[in-house]
Amino acid sequence: MDKYLFTVIILILNSCSFSNQKKMLGSWQLIRQTEFSFQYESTFEVEIENDIFWYFEKDNLTKLNYPRFANQGEIGYKFRNDSLYILNNDFAESYKVISSFDTLILCDASNMVSIQYYYFVRKDLDVNIVNQLKTDIVDWSLFQKKWEFSSFIPENSFERYCICPFFAPDTLDLTVQNKANYFTSSDTLYYNSADLTYAYQLSFVQGNNIYLSVVCPERKGFSGFMYSMVMDQ
C-alpha cells in the first residue's frame with residue numbers, strides 16, 4: 001500500500017475522537033456503509049437497508065430492524081479508549097469510534113483485507129415499540145403475509161444439518177386467516193404442515209425477504225431458508 005495513503009488512514013482513525021460515552025446513548029440510524037479495499041486501494045459503497053437502528057442504553061445495546069425485529073435482543077457493550085466493544089455469546093465485535101458533528105462513525109479494521117465504515121445519524125424512535133421488541137424480539141403482526149420459498153441456506157457441514165428433520169414448504173401462509181396453522185413465541189415460528197409442527201427461528205430480515213433457521217436442539221449449527229414476500233396481496 002502507498003505509504004501516504006496509509007498515513008492518511010491512520011490520521012483519520014485517530015481524529016475526531018468520540019470521547020464521551022453519554023453522547024452515544026439513544027437511537028442511531030445507519031445511513032451509509034463503505035468499505036476501503038487494501039487490494040484495490042479504493043473505497044466502495046455497500047448497499048444497506050433503511051430500517052437498521054442501534055439503540056444504546058447505559059449498559060446494553062439493541063440492534064433493530066425497526067419496527068419489525070430486534071436482532072440478537074439486548075447485548076452488552078463497553079466503551080474504552082475511543083473504541084466500542086460489543087459482547088455476546090457468539091462473538092465479540094470491536095470498532096474504532098470517530099465522529100463528525102452529529103454523525104457517529106464506527107470503523108471496523110479487524111481484518112487484513114478491508115476496513116468497514118458505518119455512518120449513523122440520530123433519529124428518535126418510539127420507545128414503547130423499542131421496549132416491546134426488546135421483550136418479544138419479533139413483532140410477528142408485521143409479517144402476517146404470504147411468503148414464497150426462495151432459497152435454501154446450508155450450514156457448513158452437510159452431515160450436521162441432517163441430524164434434525166427439516167421442511168421447507170413452498171409457501172408460508174402467515175395471514176390472520178391461516179392463524180390456526182401456526183403460532184409464534186419470541187423469535188420462533190411454529191408452523192403446522194403435513195400433520196407435523198416445524199420450528200423456525202427468525203435469523204434476520206432484509207427488505208422483503210426473511211431468513212429462517214431450523215430450530216434443532218441437538219446441534220449448534222444452522223440450516224435455513226429464505227422466503228420472499230408475495231407482492232400481489
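Nothing in this text is a laboratory measurement; each read-out follows from the coordinates by a stated rule. Just so it is clear, the model here is predicted, and its values are computed rather than measured. Positions of Cβ are generated from backbone atoms using ideal geometry, with glycine treated the same way; all protein chains shown enter the neighbour counts.
Side notes on the structure shown:
- Hits among lysines - C-alpha to C-alpha of Lys146 under 27 Å, sequence gap 8 or more where chains match: Lys63, Lys134, Lys179
- Principal axis extents of the Cα atoms in segment 17-74, from largest to smallest and rounded to whole angstrom, are 39, 32, 17.
- Separation between Cα centres of segment 47-83 and segment 178-217, rounded to whole Å: 24 Å
- Rounded to the nearest whole Hz, the Karplus-based 3J(HN,Hα) values (6.51 cos²θ - 1.76 cosθ + 1.60, θ = phi - 60°) of segment 196-203 follow the sequence 10, 10, 10, 10, 10, 10, 6, 8, with x at glycine and proline.
- Take each peptide in 202-209, 108-115, count the other Cβ atoms within 10 Å of every residue, and average; sorted highest first, the result is 202-209, 108-115.
- Segment Thr171..Phe204, full-extension length gain: 10.0 nm, with 0.36 nm per residue of separation and the alpha-carbon distance subtracted.
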